[in-house]
Each structure stands twice: as structure tokens, then as C-alpha cells.
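Some notes on the structure that comes next.
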Amino acid sequence: MFSGLIREVGEVASFSNSLLTVKAEYSPKIGDSIAINGACLTVVGISNGTFSVELSPESQALLAVENYVGQVHIEPAMMMGDRFEGHVVQGHIDIVGTVAQVERFGNSYNLFIKIPKKDMRLMIPKGSVAIDGVSLTINGVDSEHIRLTIIPHTMENTIFKNYQKGTRVNIESDLFARYIENILQHREGARDTLNWSDIDSIVARY
């Protein structure tokens, strides 16, 4: 499990076939889980100042692997007793979105990301989302975009500063939104719409 708070911005040393090698100050152990641009991967090798993770064919098919070059986000898996400051992130990328626009917004930036229409149902105003592993709040939703507000510190200390129109990004939708959707899809006689009574009933079971 992860919190969506980036430990370090590392540098890709190589990415060949299924092996991604990253140069970083953080030194994991063989077998550790570590999120690279939000995707949970397993450490399979360690060398001087670098570590390597392996990407399965499924991972390579689902992720924006073209971004595994240059700078990447690194977050080690949480340990029991760690302080929890972001939101619940599994490192399971379920959506690849596309940067539509980055604009100044007062002292911050508005980041607009286009989401596949089939996945917009998981984008909840003021809900949580992880973009390339960074825990963020969704500040706006339209028919095919989400709007995220990025403060200068986050922009300067993440790979967000490299985003341009058309950049593809790894997205993990909110865990609880996925669970509720799955429950509704498998309920006998499930409806296409959801009201507050439905939500209260579901939440009361947990």
C-alpha cells in the first residue's frame, strides 16, 4: 500500500525489454515493492546507486511506459506504523489519461487531464486520484476531463513540471469508488443510476 506522497524523483538509467533500472538515493532491498510513476513494481536487482524492477507484459501494455525515461516518481511501499498523510493508493494503475492543458491559476496551476469516457464514472468532484503516483484532489469534472490544482511546491518537485499537452499519465482511481462500482455492478437488479439512499446503505455495511 502507498500514500501517494513521492519520496524522491529518480533518474532512469536504462529500460530494456522488461527491466527498468533507476538511479536514486533511496536504496531498497530485493523483493521490496516500490511505486514508479504510481505503478507498484518489485525490486529484482540492486547495484551501486541503482535498483532494478521488472515489468510484466501486462504492465507494459497498461502503463504509459514511454515516460519511463528521464525523471520518474519513486515511492516505497508503506510500513506498519508509518504516518498516513495522502490517501489509500494500491499502486494498481487502472487508467491512462492524457494531459489536455496546463494553465496558471493564481499562485498555482490548473492541470486538465482527459479521461477515457468509460472511466469518467470513477472521477468524483473533491474525490481522490493518483496521477503518476501523486495523491491529488479532483477539483472539477466535466464530460471527459478532470481538473486538478497543483501548488508551486508540487509542480517544482515532481515530474509535473515536464508535462505538456498530449503527455500520457498513469492514473489510479479512488479505491473506494472502484469498490462501490463493483458492488453495484454485481447487485441483483442493479440500476444504472445511484442515489444518496443507495450510498448510505452501502457505506453502512463497512
Query raised in the report: So who's got an amide H within less than 5 Å of the one on G140, skipping anything under 5 residues away but keeping other chains? H placed 1.01 Å off N, in plane.
Result: K126, R147
Query raised in the report: Between T42 and V69, how many nm apart are label points set 7 Å from Cα along the C-beta direction?
Result: 2.8 nm
Query raised in the report: Based on the Cβ-Cβ distance of F105 and L184, what FRET efficiency does E = 1/(1 + (r/R0)^6) give at R0 = 22 Å, to the nearest 0.05?
Result: 0.05
Query - Among S14, S173, S143: highest mean-square fluctuation, GNM of the chain, C-alpha pairs under 10 Å - result: S143
Query raised in the report: Looking only at I138, I30, I159, which one moves most when the chain is put into a Gaussian network model with springs between Cα atoms under 10 Å?
Result: I30
**Report entry** Filter on K114/K165; K117/K161; K23/K161; K114/K161 - keep pairs with C-alpha separation over 22 Å
**Finding:** K117/K161
Query raised in the report: Where the centroid of each part is defined by its Cα atoms, how far is segment 16-71 from segment 104-131 in Å?
Result: 26 Å
Query raised in the report: How large is the charge dipole for segment 8-76, taken about the Cα centre, if only the Cβ atoms of Lys, Arg (+1) and Asp, Glu (-1) carry charge, to the nearest 20 debye?
Result: 120 debye
Requested in this report: Quote the FRET efficiency, to the nearest 0.05, computed for S16 versus H92 with a Förster distance R0 of 22 Å and r equal to the Cβ-Cβ distance.
Outcome: 0.35
Report task. Mind sorting E181, E66 by how few other Cβ atoms lie within 10 Å of their own Cβ, fewest first? Result -> E66, E181
Report summary line: In a Gaussian network model of the chain with springs linking alpha carbons closer than 10 Å, the residue among A13, A130, A64 that fluctuates most is A13
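Coordinate-derived values only; no laboratory data. Just so it is clear, the model here is predicted, and its values are computed rather than measured. Heads up, the Cβs are rebuilt from the backbone with ideal geometry, glycines too, and the neighbour counts pull from every protein chain shown.
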